[in-house]
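These notes concern the structure reproduced below.
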Amino acid sequence: MVNRFTTAQSTVAMRRRRPPALVMLAAMALLTALTADAVARPAARPAPPTEATAPRDAGEPIMAIVSIKSQQVTFYDADGWILRAPVSTGITGRETPAGIFAVIEKDKDHHSTLYDDAWMPNMQRITWNGIALHGGPLPGYAASHGCIRMPYGFAEKLFDKTWIGMRVIISPNDAAPVEFSHPALLVPNAEAIAAAPARAETLAAEATEAVKTADETKKAAATAARETASLTASLRKLESLKRGADAELALADKALAAARTEQATARAEDLKEKAASRAADLGTQLEAARADAKSKVDTAAAAKEAAKAAATRKVDAARAANDAKLALEPVSVYISRATRKLYVRRNTHKPWVDGGEVFDATIEVPVTIRNPDQPIGTHVFTAMASNGAGLRWTAVTIDDGDDARDALDRITIPQDVLDRIAPTALPRSSLVISDEPLNRETNYRTEFVVVLNNQPQGGLAMRKRPDDVRVAGSGLDDFFGSFHWGNSDSQYASSRQRGGQNYYQRQW
């Protein structure tokens, strides 16, 4: 480079002595040499990400944002970032999918069932088919089969801080939450929040009593039905005996009419008297039995109606108690432009036998989106903390479309849904808007799984589903009273069957 600067000085001196054409050629040569030198010099690389901890007391992490571009993960509490670390995401062909996820299971000492029993310590699963955050080797570039590897020590330190349902955002580029406000975001009611615990306790007690009452009335109805059936059999027997006695009386009448001697007449009169007495006695018994049967039938019918009403009250009470209990949990709302529907998820904290916890999904309704054929982007709005009578929100955008404010301006959430979820909205609640449908990995043991379809998904696509697909059946009624999945949408066509949501065994 020093020689080139010297050459440039000599060339300038020669301009005074040489013809203009030669001066021009010399200048062009100098420009070419300087340009070549600039191209040859490598561009300055950004400093590789390193582990960092915020210089303050950290609160509970609310979300994690993974940047595929920067190979870095950052965790945030209510006041900003608290932990950062380098990561290693999926290699070409097995890329870590960009999108919206949440922690659905944690395993301190996990070993892979797909990759030769590979050790994946402090595993935090975000899809049931095997995408997770876990400790692993970090070569300084993307190197995994789709998971997000973190430094071993960092993963261990983080493991006890996170929680089932914590938001995990995987962004193709760098992204961070920014303070945000908008009238469409959930606005809680302080009185409703204060009353929620007592209301949940009261409705739980009422639901328990409704179960007891329903059981008692069901047993009473069954007893009445048995008694009615027994009485009906006795009534049929008496009716048969009465017909027989009437027939005997008729024969006695014929015998009396045919008698030609005093002896025959006396014998016929005696038979008729006995037959008449028997017929009269059976008639009295039959009349009493019919009256008793009518009373029993009426009682059985009333008991049956009471049992039916008690069963309805039991379902209603269970649903009300469930809603009241869910009101104590942060609520997550997802709005899809692809399906033009709104979905709600809340964690029940009820463990599932094969791992994870069950999420309530009883709200799924159409939603109005202005200009529904225009892209809206993918935006995550999160309630970070209480803010006076309301909530303090942030926004994260990971896919192009409208900006966050314009996206919210295009949405009209049904008022009945707002009435159900807004009054008791708590910190950690969220609203997600996206062009994407819910990914087929979304089921009753996940929060929302949303994948950006304009980004590579090799790490997700390579994980094939097992052959033994099991369908979640009526067992879920124990969790929710009645479990509702809404109508079968095209977004679930590959993962749902009529009658319920498919259950897939976990896979690694």
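Things to note:
- Looking only at residues in the range 356-372 that are part of a strand (DSSP E or B) and open to solvent by less than 30 Å² (accessible area, probe 1.4 Å), the one that is farthest from ASP406 (Cα to Cα) is VAL358.
- Boolean, ARG392 is part of a strand (DSSP E or B), farther than 30 Å from ASP107 by Cβ, out of contact with any Gly (no Cβ under 8 Å at 6 or more places or on another chain) and open to solvent by 30 Å² or more (accessible area, probe 1.4 Å): yes
- Enumeration of residues in the range 366-383 that are under 21 Å from the mean Cα position of the chain (by Cα) and over 17 Å from HIS182 (Cα atoms): PRO366, VAL367
- The lone criterion from (1) crowded, with 21+ Cβ neighbours inside 10 Å; (2) more than 20 Å from ALA425 (Cβ to Cβ); (3) hydroxyl-bearing (Ser, Thr, Tyr) left unmet by TYR334 is number (2).
- Taking the conditions (1) of a type in the set (Gly, Ala, Ser); (2) within 23 Å of the chain's Cα centre (by Cα); (3) open to solvent by 40 Å² or more (accessible area, probe 1.4 Å) in turn, SER386 satisfies each one other than (2).
- Sole exception among (1) of a type in the set (A, V, I, L, M); (2) in contact with a Ser or Thr (Cβ under 9 Å, 6 or more places away or on another chain); (3) open to solvent by 50 Å² or more (accessible area, probe 1.4 Å) for VAL353, by number: (2)
- Residue tally, condition crowded, with 16+ Cβ neighbours inside 10 Å and without any contact (Cβ under 8 Å) to a residue 60 or more places away in the chain, over the range 200-240: 2
- Residue match in the range 431-447 (condition: assigned to a loop (DSSP other than H, G, I, E, B), open to solvent by 70 Å² or more (accessible area, probe 1.4 Å), modelled with pLDDT under 95 and out of contact with any helix residue (DSSP H, G or I) (no Cβ under 8 Å at 6 or more places or on another chain)): no
- Unique match (being of a type in the set (Lys, Arg), modelled with pLDDT of 95 or more and over 18 Å from the mean Cα position of the chain (by Cα)) among ARG337, ARG345, ARG278, ARG290: ARG337
- For the range 418-430, residues that are out of contact with any Ser or Thr (no Cβ under 7 Å at 6 or more places or on another chain), open to solvent by 30 Å² or more (accessible area, probe 1.4 Å) and part of a loop (DSSP other than H, G, I, E, B) total 3.
- Residues in the range 159-199 that are open to solvent by less than 50 Å² (accessible area, probe 1.4 Å) and within 19 Å of GLY356 (Cβ to Cβ): PHE159, THR162, TRP163, ILE164, GLY165, MET166, ARG167, VAL168.
- Residues of the range 257-304 satisfying the condition of being in a helix (DSSP H, G or I), more than 28 Å from ARG236 (Cβ to Cβ) and open to solvent by less than 50 Å² (accessible area, probe 1.4 Å): ALA264, THR265, ALA268
The values are calculated or read from the model by the stated rules, or taken from the named source; none is laboratory data. Being a predicted model, the structure only gives us computed values, none of them experimental. Counting neighbours? That spans all protein chains shown, and the Cβs are built from the backbone with ideal geometry, glycine included. Each accessible area value is taken on the protein alone, full model and side chains, heavy atoms only, with ligands, DNA and RNA left out. Shrake-Rupley method; radii C 1.70, N 1.55, O 1.52, S 1.80 Å.
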